[in-house]
Amino acid sequence: MRALAVFASGQGTNFEALVASSRRGELGGRVVALVSDRPDAPALARARRLGIEALPLDAGRRWRTRIEDEGAWVEALRQRGAEFVLLAGFMRRLHVTFLSAFPDRILNIHPSLLPAFPGIDAIRQAWAHGARVTGCTVHLVDESLDAGPIIAQSAVEVRDEDTLESLEARIHDAEHRLYPWAVRRVLSEPWRREGRRLSFEPAPLGRSA
């Protein structure tokens, strides 16, 4: 079973959804570590409660900037046998040292229907823009900002009675369903990448994924 490392900077609710899916045998892999760039991130405490290794790693002094020494992060994951990296509310950009160590094996979940509203505060961006439909996207990670090939998306209607908080809650619920499903598909079904498009191949007759 593939070993997976989850990266989170905040609460870690998507991380917990991934762990729950794994323990039900629905993820296609097992989560071996929760990695955070913030030593005070609630996700680390959540990992300890779930019995998953909690790994705070030094990312440098500045918040929301690139990791100053990505090589140390790569080595830490290699020591744990991690084959895929799942970003789940991780608030730093990754660059060539890290990306080249896990080519097409880093996934991210973003709280909008990309390419709309990339970057930070995507839900607030959609709310302020007056979008009638938003949602969440799982995509492969490359050097561009929230622009890697899209794996899966889930739409969330913006209701007239919504507040920003109620919209955020429904998008997070959608994320918790979509991310484990998308991870399982990537791990268990054949797929190919052509430029910015990612395509899944149909299962052979008589075989289900």
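The values are calculated or read from the model by the stated rules, or taken from the named source; none is laboratory data. Everything numeric here is computed off the predicted structure, so don't read it as measured data. No Cβ is skipped: glycine too gets one built from the backbone with ideal geometry, and neighbour counts run over all protein chains shown.
Here are some notes:
- Some residue of the range 134-141 being touching a strand residue (DSSP E or B) at 6+ places or on another chain (Cβ under 8 Å) and without any contact (Cβ under 8 Å) to a residue 24 or more places away in the chain: no
- Within the range 8-43, tally of residues that are without any contact (Cβ under 8 Å) to a residue 24 or more places away in the chain, of a type outside the set (Asp, Glu) and within 19 Å of Arg92 (Cβ to Cβ): 1
- All positions within the range 154-185 that are of a type in the set (A, V, I, L, M) and touching a residue at least 60 places away in the same chain (Cβ under 8 Å): Ile171, Leu178, Ala182, Val183
- Hits in the range 21-44 (condition: more than 19 Å from Ala3 (Cβ to Cβ), at pLDDT 95 or above and either over 19 Å from the mean Cα position of the chain (by Cα) or among the charged types (D, E, K, R) (or both)): none
- Yes/no for Ser100 being under 21 Å from Leu4 (Cα atoms), surrounded by fewer than 15 Cβ atoms within 10 Å (Cβ to Cβ), without any contact (Cβ under 8 Å) to a residue 60 or more places away in the chain and out of contact with any strand residue (DSSP E or B) (no Cβ under 6 Å at 6 or more places or on another chain): yes
- Considering residues of the range 147-168 that are of a type outside the set (A, V, I, L, M, F, W, C) and out of contact with any strand residue (DSSP E or B) (no Cβ under 9 Å at 6 or more places or on another chain) only, the residue nearest to Arg93 (Cα to Cα): Glu168
- Failed item, numbered, when Arg192 is tested on (1) within 27 Å of Arg2 (Cβ to Cβ); (2) basic (Lys, Arg); (3) in contact (Cβ under 8 Å) with a residue 12 or more places away in the chain: (3)
- The condition of being modelled with pLDDT of 95 or more and either of a type in the set (A, V, I, L, M) or closer than 19 Å to Tyr179 by Cα (or both) holds for only one of Ala76, Ala116, that being Ala116.
- Where strands (runs of 3 or more DSSP E) fall entirely within the range 103-205, those with at least 1 residues that are polar (S, T, N, Q) and surrounded by 13 or more Cβ atoms within 10 Å (Cβ to Cβ) are at 106-110, 133-140, 150-157.
Residues checked against (1) over 14 Å from the mean Cα position of the chain (by Cα); (2) more than 18 Å from Val186 (Cβ to Cβ); (3) not aromatic (Phe, Trp, Tyr):
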| position | (1), (2), (3) |
| --- | --- |
| Arg78 | yes, yes, yes |
| Val85 | no, no, yes |
| Leu99 | yes, no, yes |
| Ile109 | no, no, yes |
| Pro115 | yes, yes, yes |
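- None of Asp37, Asp69 is farther than 19 Å from Gly148 by Cβ and surrounded by fewer than 15 Cβ atoms within 10 Å (Cβ to Cβ) except Asp69.
- Looking across the range 24-55 at every residue that is in a strand (DSSP E or B) and of a type in the set (Val, Ile, Thr), the one that is farthest from Val186 (Cα to Cα) is identified as Val35.
- Candidate set: the range 79-97, residues that are outside any loop (DSSP other than H, G, I, E, B) and modelled with pLDDT of 95 or more; chosen: the one surrounded by the most Cβ atoms within 10 Å (Cβ to Cβ): Leu86
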